[in-house]
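Chemist: One structure coming up, written as structure tokens, with questions to follow.
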Amino acid sequence: SSCTSIPIDQLQEREENASVTRNSIAFKIAYFSSRQTEVSLAEVAGKCFMDAFRKTLEDYYGTKSNNQEDNNEKKQFNIITTSQVSVTKQRHKSLSQEKNCAALGDIITIHYSAPRRSTESPLKFFFETTKKYMKGNIGNVQVILLDVTWLPTKPFLHAEPDCTQRVYHYLLPLKWLPDGKLIESWWLNEEKDAQLLQIQEKEKRNTTDTENVNGVGLGGIHTGRFTSKPPSTSLRTLAKILRGAVSDTLPNRKVRRRDGTKKRKPKNQHADDDDDDDDDDNNEYTALEENSNDQSKFKMASGRYGALANKQRKPFHNYADPSLQGDASPNNEPVWRVLDSAKIARLCSVPSSSSSSLGKEEEEVICILEFRGDSFLPQQVRRIVGTSIAMAHGWLPANMFDVSLDKDVFLETVLAPSSFGDGKHGGGSIRLYMEESRFHFDQLCRGGKKSLFERHQNDVVNKGDSNENEQKGGDDNNEKKEEIVNENYTQDIKWVQSQLYSSSSNEEDVWLEEVRDVIAPRIRKQLAAVSNLHQKQQQQEQNLDQLLLQKQQTHFPDCYNATLALLRNIVETNRWPDTSVARSKVIRSLPSSSSSTTTEASKASSPSSGSFTVVNPKRQVSSYNLPLANALFPDLVKAVFELEETLSKEHTLKQTDGKTLLEHSKEEEQRRPPSSHCAINCNAQFTPHVDSGRGSGQSLSMIVGLGDYIGGELAVEGSMYDIRYEPLEFDGWKLRHWTNMYQGERFSLVWFTPAEFSVDAATTQEG
């Protein structure tokens, strides 16, 4: 056998590294702010912790990390990688945590290498020293270290990508619900009776119960035993409404293939959902065949384990922060999220905000809502809460979640107050915080524990710089053990909760009035418009021939004649090219006409439909070949880009930002520059989406509609624009846009310039 020589420097490096070990460690932190901040609390807390932990490592190893530039000292320890559950570094930016969201259970994992030491485990030293360096506020942000534990070094656990479930709590004042004050008074009386009953039971048993971490020392918790019935069904109604937003558990692929189109009841077994209230299990869904055209509506939660993998992903684009714009489009995969459960976790009494002003000790009841999911969009939890409250009051219809979670529907949703308001509502009350994070795969490896930091009476932490002994199954005699690192864990949790749980302010109460009088009526109008679309289409179908005849008689500028004639010729000769796979994902099927009679205009609405792109030969980049369509339709290419030049010179162009419409006549030096590409569409009704690529000195696309059709307006961020022979400029890369329903023959041209002059850069261009 042959052997390979190893350089001497590599042998020396191996000998040096033989005394170095890799370690994986996880920290649990909490943080909150006394004021609204412009920066992310999670990022501030993470930086504060990492600065403190680096100082701790320096104290323990007596050297500086090689992450710092210091050539005079020997580099001993090296921080390999860090990860934080709430900070998006490996996920899409649309999944970032809200800036003012507090946390009770954020996790940071650290992998580092350091010299092997035979001394006792530094875990307690790490905890106490890091906590010492973290003392003091960073501005208005308070960061608290709660716990620490070793992790297996193989495989590495990365907090952000490996987290399979995130849990958020929203603190809802009970008085926000219908009959809320009545229920609040009833619950406070029941709480006192329950406390007396517990005291009597303790005296009978002559024992003391262990403290409940969730008790918080702020009053009682829902014990489930009442001496009288609630005076209202508002809580049960709210619980039922919240379940309407939860993802269904669908059968696995094997069952779906076996059942075909057989109807089955969905399994509403929400992971970690202990709510045993009556579920609405009467609704049925049709199991999809593998080749069904509607299969895209049922996306599974890939990458998760057990029952969580069979959860249905839903498009929460209407529940995302509107400032995300295109990143909150339904064709953006991160918008499709899994909501494992949404429920009422418990009730808790807190001191009322009016107690200090009146000098009386009054209490207020808050309802703690719990949301579990794979990840959450900014404002997603708050918009689900706000919409649920409006539905509980009857200000929004019961089918609001069904309509708003349709990928083809764009609606406004109600935004509940944040931690400290949005600058318009909210006082000093914290409303939203991260409760905990789950790592199901790691939990299975660790014996099925519920969390990384779960402690049992016999649970211990191994000594040593790392847990390599645990991985190798080392001798029991060599395995040293220690008690729980943070002996004040329960007290720390209670203190943080006491800072989080607070009563509502008067400014927050004003929010309810605005929802009732302004926001909800506006949303109802949008819902009515959505429901009227189908009725409008039916009415148009009944009078289709007459309406299309009117469109034919409508005069349009002569500059469109050449282009329109060429487009119709391609359709009549069945030469329309196939649509790319990427673009077909955002195109609905061709609208069918139920009209019994046919005319020349209706014949124009032929089965030919789709979209293709051509490139302006005058702006071709030498490194890219012209697309096939340029060779197939040279006359059309010439006519299309001449039409753009004509419209830019001779017509008053309209421009929209999704809210306002501007009209301006361009001077010669301000004319629209020639575009490099044009997307040509025939009978293509696009779903809400944003275009790909970035403009090269031209951020605006220009669209115009041609043909004899009715309807077919371009919707930009919910605003409708008639583009039939009316050019319109808009930012298709940032603004969500789609095509309204239409009947007849509809062509559209979209001129644009991507960052690189390649056909692949434009995957979805339309109106």
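The values are calculated or read from the model by the stated rules, or taken from the named source; none is laboratory data. Being a predicted model, the structure only gives us computed values, none of them experimental. Note: ideal-geometry Cβ built from the backbone for every residue, glycine included; neighbour counts use all protein chains shown. Only protein heavy atoms, including side chains, enter the accessible area calculation; ligands, DNA and RNA are left aside. Shrake-Rupley method; radii C 1.70, N 1.55, O 1.52, S 1.80 Å.
Chemist: Within region 216-242, track down each residue that is open to solvent by 40 Å² or more (accessible area, probe 1.4 Å) and either modelled with pLDDT of 75 or more or closer than 17 Å to Leu182 by Cα (or both).
Modeler: Selection gives His222, Phe226, Thr227, Ser228, Lys229, Pro230, Pro231, Thr233, Arg236, Thr237, Lys240.
For (1) among the charged types (D, E, K, R); (2) at pLDDT below 90, each residue gets a yes or a no:
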site	(1), (2)
Leu567	no, no
Asn574	no, no
Ala582	no, yes
Pro591	no, yes
Val615	no, no
Glu644	yes, no
Leu662	no, yes
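So that you can scan it fast, the table gives a plain yes or no per residue for (1) part of a helix (DSSP H, G or I); (2) at pLDDT 90 or above; (3) open to solvent by less than 10 Å² (accessible area, probe 1.4 Å):
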| position | (1), (2), (3) |
| --- | --- |
| His169 | no, yes, yes |
| Pro178 | no, yes, no |
| Trp187 | yes, no, yes |
| Lys192 | yes, no, no |
| Leu197 | yes, no, no |
| Thr210 | no, no, no |
| Asn214 | yes, no, no |
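Chemist: Looking at region 158-173, can you tell me whether even one residue there is over 26 Å from Glu436 (Cβ atoms), of a type outside the set (Ser, Thr, Tyr), touching a residue at least 40 places away in the same chain (Cβ under 8 Å) and in contact with a strand residue (DSSP E or B) (Cβ under 9 Å, 6 or more places away or on another chain)?
Modeler: Narrowing region 158-173 to residues over 26 Å from Glu436 (Cβ atoms): none.
The answer is no; no qualifying residue exists.
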